[in-house]
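A.B. asks: One structure coming up, written as structure tokens, with questions to follow.
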Amino acid sequence: MSVAEKTGTAEKTGPAEKAPAPAREPRITDEHGRRVRVWELALRYLLLLAVLVLTVGPFLWQLSTSLKGPTEDIFSSPPKFLPADPTLHNYERVSETIPVWDYALNSLKVATANVVTNCVGSALAGYALARLRYRGRRAATLVFILAMLVPVEGIIIAQFTTMRELGLNNTLVGVLLPGCVSALNVLLMRNAFLNLPHEIEEAAYVDGANVWQRFWRIALPSVKGTLAVVAIFAFMGAWDDFLWPLIVLSDPSRFTLTIGLNYLHGTFANDERLVAAGTIIAVAPLIVLFACLQRYFFRGVGEGAVKG
Amino acid sequence: MASPTASGTRRVRRQLPTSPWLFAAPGLLITGAFILYPFVSTLVNAFTDRRTLVPGEFVGLANFRELLHDDMFWTGLRNSTLYVLGVVPALVLLPLLLALLVQKNIPGITFFRSAFYTPVVASIVVVGLIWVWLLDERGLVNSLLETVGASPVGFLSDQWLILLSAMAVTVWKGLGYYMIIYLAALANVPRELHEAAAVDGAGALRRFLTVTVPAVRSTMVLVAALSSVAAFKVFSEVYLMAGPSGGPAGEDTTLVMLVQRTGTGLTGRVGYASAISVVVFVVTVALMLLVLRADRKEES
Amino acid sequence: MPIPRRTFAVAAVAALVLPLSACGSSGGDGGSTDASGKVEGEITFQTWNLRANFKPYFEDLIAAFEEKYPDTHVKWVDQPGEGYADKISADAAGGTLPDVVNVSPDLVAPLAKAGLALDLDKAAGQYEKEYLEGAWASHQVPGMEGTYAFPWYLNTGPLFYNKSLFEKAGLDADKPPTTYDELFDTALRLAEKTDGEVATLANVPTIEDFGRYGVPLMNKEGTAFSFNDAKGVELLTRYKELYEAGALDSQALTATPESSGKKFLTGAVAMNPGSALDLANFKKQAPSLYKNIGITDQITSTGHVNMYVMGVMVNAQSERKPAAVAFAHFVTNSAHQMSFAKQVAIFPSTAGSLDDPYFTREDGTDETRVRVAAAKSLKTAVNYTPVLFSEQMKTELRNAVAKALQGKESPKEALDNAVKACDRLLTQQG
């Protein structure tokens, strides 16, 4: 996290540092390189901290539970926040109880594949919906909108039957397929392409670039921000899904992490510390991924600045 | 979804005739085969008395007629509608403010951005467990209230407070999600606009209303559309806060909870649940049209 | 304790043991029931959330079976606790059900009706005498002839109470209630003495509570419910008094077995039903509570305590029926149930096993005391929850009970409506 943070900051404050003023103390600047007033800065941090407490507070509590040792009362009332005797033992026990690395690897395979297929599939489809003209474009858009509205709770058994007919039940491909180009992502990409000024492509068009070239060299680089959003959503969706992988997979060696972690809820006894440790294991990779990708959400301005 | 601006596409015209379909093909194929095709079977089932392990026969509109007399269906419709009304305004506005708050590059901001995103990535089951614990009669929130002298609030025992608590969790979990959609959109707001406004001496609120909001308007419409559809289809948050039977006497049941309760398991009434699914689908289509219509009106 | 109860509660629905012999005859005839022939081939065995903690046990078990029948190969899959019914539904609908499946009585009933569960009376009737009578009968379905799963492990348990809360209210912590009347009196006293601060029970009555109170749950033919009789109304009226006095936890209307377990662990409620498994759990999760734990017998008006049953079913469409039946029997035979019971605090359903010194001799610890008492009560225990009582029916009952407690409907009205709704669901399930 800290590496991303450093590069992110360095990149953004770059112009300010190059400014002639040889100020010694670090200057705090906004995204436009202007100096930020102290009281405004203080207010910002105050707000940020307030939201921070609200958003991560509950997880810190979970983290704290996962670090509590076996002699500690975790159901005391009022609850105790800090573990009296922090230990990583619960994490060790998770890996002793279930083959957590195998499950994580399966999840990683599905999630990575899901990112690739969603980025490629929805960028292509989004581009077709937003920038190309052809008969049936509105109908194609409608297909994706309707698909987004389908209540998935009702179709899961029908999806399973389809998978079985394709012989893909009990495979990771079967887990991947239904969500591999999600309608929501297609519509997000469409929205991003729609917001691009048309002049950008026009120049290339005049230069004789064909549609693939325009898409690949000009349109796509301009929507990296949204592409990063799609990547995050795709990874997260595949990583967190429980019911569908459970239905499709039978063989425990192919289970994904969410299914595997459910084993920590024992049949005969529930160990809250173990469950809490499992929770943290499931969330941590996603937070790291987000920290790595989040720079791209801000790229738009710089890269989209081809505008004429 | 945002109203297309047709003006520009007109000129980008000549291309290989098949290529648009090639572009859209992977998406259309997957969506068609794994979402729409299974949904067709739901549509068909809605007119049968099919059960999980019993094929069922055609019963015409009987399921829909039964719906009209099913109190639980109306409770579900009421709750799902209330959910949209309660959650959507908050999810259109708050994440935008949050995005503005984290947009500026001040030291440590990467940490804050990532931290604000944690609720989104955590699985809803975990989130539910944590909040149930916090909002319990003897949970943290109530102990805090007690220290300031208030009497404990039954967040998880009163039917309306349960619904409100669930909405709060939905907003809490959705903040980071919509925040990044807004961040991506904000990045496209040309800085010249802000600078010009700042030079004009416009205050923060005015700059927000005259520069930011118009610039991210299409994204706000997108967020409104996405969040209202999601809100109407709410399941997990209410299920976890209200329990599997949907709160006291089932008063917190939402439509999708009803689909799940009636239609799943080995004794599920698949036909009847499909009929409810169809209603959910029709209402979300209507919601979508409503949002787009409102958008178009505002534009003109 | 929360979890075993939850898992079982999701699962548990078994026959009203007594009237079963009176079932009518109809019965779907699913596939051939012929299980004679050579025990050979590859079969799949599915358990319900047992791999994480009992992997070596099952691996040894399978190795022993494969050694006994060298031409067989057993593939073991284990499913997590959550979503088990969904998983089985998809497999049953898609024709991918494993050969041998760990089930509970409520899962067996619809599978049997759909012709997916093998009738063991026909295919393996010779083994019937090896099991406790009540346990064998728990996988029979009213309206059908036959028995559709081997009984596997059983569970039951005492009522736990929090001694320090009893003392706080000026009650004698060594004299816990032993009858329903005493239970209700204690609850009202506790609520009164603590100004409604301490509730006694965390959950509203479920179908098994009605059964234990002596309410007839279904007619003999298994075609209609009857828990709206005078006795049922009486029980609900008593609970209503408790609710109004604050003797029932304020979140009882939305409670799950899991949440009520937590309520007990935090000392918010004074009593909670549990099992032998809970003791270890209390020790681990809430050491300070453990010191104050009191243990008393499950309260029942019928003389029979409630028990939960797990079973092992053979897929009627299995292509390796002889091997599947042999393996299902192998898993549930008395030697293997006995060794499983020694791994975790559950009880074998095989005849005579409960007379083993392991279940009769006390050594002064709480664990053995609970174990011996439970084993003794199991000999006459009943799985009160009717096999045909589906998840949907549980919700109907639960919501009707809530309406009565809230005063929206009278107890009689609420139960009448619930019976009507459950009867309708019964016919719709087909």
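The rows are residues; the columns are (1) in contact with a Cys (Cβ under 7 Å, 6 or more places away or on another chain); (2) touching a residue at least 24 places away in the same chain (Cβ under 8 Å); (3) surrounded by fewer than 24 Cβ atoms within 10 Å (Cβ to Cβ); (4) not basic (Lys, Arg).
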residue	(1), (2), (3), (4)
B:Gly247	no, yes, no, yes
B:Gly250	no, yes, no, yes
B:Leu258	no, yes, no, yes
B:Thr267	no, yes, no, yes
B:Val270	no, yes, no, yes
B:Ala275	no, yes, no, yes
B:Val279	no, yes, yes, yes
B:Val282	no, no, yes, yes
B:Leu289	no, no, yes, yes
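A.B. asks: So, one more: On the given criteria, is A:Pro151 free of Cβ contacts under 8 Å to residues at least 12 places away in the same chain and either of a type in the set (Ser, Thr, Tyr) or facing chain B (nearest Cβ under 8 Å) (or both)?
C.D. replies: yes
Per-residue answers, yes or no, for (1) modelled with pLDDT under 90; (2) in the same structural domain as C:Glu82 (by TED's automatic domain parsing); (3) buried (at least 21 other Cβ atoms within 10 Å of the Cβ):
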residue	(1), (2), (3)
C:Lys220	yes, no, no
C:Ala230	no, no, no
C:Thr237	no, no, no
C:Asn272	no, no, yes
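A.B. asks: Out of the residues in the range C:34-53 that are within 14 Å of chain A (Cβ to nearest Cβ) and modelled with pLDDT under 90, state the one that is surrounded by the fewest Cβ atoms within 10 Å (Cβ to Cβ).
C.D. replies: C:Asn53
A.B. asks: With under 21 Å from the mean Cα position of the chain (by Cα) and surrounded by 20 or more Cβ atoms within 10 Å (Cβ to Cβ) as the only criterion, which of C:Ser334, C:Ser349, C:Ser318 stands out?
C.D. replies: C:Ser349
A.B. asks: So, one more: Determine whether the range B:241-250 contains at least one residue that is within 11 Å of chain A (Cβ to nearest Cβ), touching a Lys or Arg at 6+ places or on another chain (Cβ under 7 Å) and hydroxyl-bearing (Ser, Thr, Tyr).
C.D. replies: For the range B:241-250, residues within 11 Å of chain A (Cβ to nearest Cβ), touching a Lys or Arg at 6+ places or on another chain (Cβ under 7 Å) and hydroxyl-bearing (Ser, Thr, Tyr): absent.
A.B. asks: Run B:Asp136 past the list (1) within 14 Å of another protein chain (Cβ to nearest Cβ); (2) surrounded by fewer than 21 Cβ atoms within 10 Å (Cβ to Cβ); (3) farther than 30 Å from A:Cys292 by Cα; (4) at pLDDT below 90 and report the number of the one that doesn't hold.
C.D. replies: So B:Asp136 meets the others, but not (2).
A.B. asks: While we're here: Going residue by residue through the range C:305-327, is there one that turns out to be touching a strand residue (DSSP E or B) at 6+ places or on another chain (Cβ under 8 Å) and under 30 Å from C:Gly170 (Cα atoms)?
C.D. replies: Among the residues of the range C:305-327, at least one is touching a strand residue (DSSP E or B) at 6+ places or on another chain (Cβ under 8 Å) and under 30 Å from C:Gly170 (Cα atoms), which makes the answer yes.
A.B. asks: What's the total number of residues in the range A:227-255 that are of a type outside the set (D, E, K, R) and either within 11 Å of chain C (Cβ to nearest Cβ) or free of Cβ contacts under 8 Å to residues at least 40 places away in the same chain (or both)? Break it down into steps so the answer makes sense when it comes.
C.D. replies: Taking the range A:227-255 as the starting set, the residues that turn out to be of a type outside the set (D, E, K, R) are A:227-239, A:242-250, A:252-253, A:255.
Filter once more, so that each one left must be either within 11 Å of chain C (Cβ to nearest Cβ) or free of Cβ contacts under 8 Å to residues at least 40 places away in the same chain (or both): A:242-250, A:252-253, A:255.
Number of matching residues: 12.
A.B. asks: Looking at the range B:80-102, I want the residues that are within 14 Å of chain A (Cβ to nearest Cβ) and have a partner that is among the charged types (D, E, K, R) and part of a helix (DSSP H, G or I) with Cβ atoms under 6 Å, at least 6 apart or on another chain. Which pairs are those?
C.D. replies: Within 6 Å, the pairs are B:Val102/B:Arg113.
A.B. asks: Which of the numbered conditions does B:Arg217 fail, given that it passes all the others? Conditions: (1) buried (at least 24 other Cβ atoms within 10 Å of the Cβ); (2) out of contact with any strand residue (DSSP E or B) (no Cβ under 7 Å at 6 or more places or on another chain).
C.D. replies: Exception for B:Arg217: condition (1).
A.B. asks: Given C:Val387, C:Val401, C:Val372, which one is free of Cβ contacts under 8 Å to residues at least 60 places away in the same chain, of a type in the set (A, V, I, L, M) and either under 30 Å from C:Ile293 (Cβ atoms) or not in a helix (DSSP H, G or I) (or both)? It would help to see each step written out before you state the result.
C.D. replies: Details: C:Val387 fails: free of Cβ contacts under 8 Å to residues at least 60 places away in the same chain; C:Val401 fails: free of Cβ contacts under 8 Å to residues at least 60 places away in the same chain.
Unique residue meeting the criteria: C:Val372.
A.B. asks: Quick one: in the range C:68-107, of everything that is crowded, with 24+ Cβ neighbours inside 10 Å and charged (D, E, K, R), which residue is farthest from the other protein chains (Cβ to nearest Cβ)?
C.D. replies: Filtering the range C:68-107 for residues that are crowded, with 24+ Cβ neighbours inside 10 Å and charged (D, E, K, R), the one farthest from the other protein chains (Cβ to nearest Cβ) comes out as C:Asp99.
A.B. asks: Return only the number of the condition from (1) within 30 Å of C:Ala35 (Cβ to Cβ); (2) not in a loop (DSSP other than H, G, I, E, B) that C:Gly143 does not satisfy.
C.D. replies: If we test C:Gly143 against (1) within 30 Å of C:Ala35 (Cβ to Cβ); (2) not in a loop (DSSP other than H, G, I, E, B), just (2) comes out false.
The values are calculated or read from the model by the stated rules, or taken from the named source; none is laboratory data. For clarity, every value in this text was computed on a predicted model and none was experimentally measured. Glycine gets a Cβ as well: all are built from the backbone with ideal geometry, and neighbour counts include every protein chain shown.
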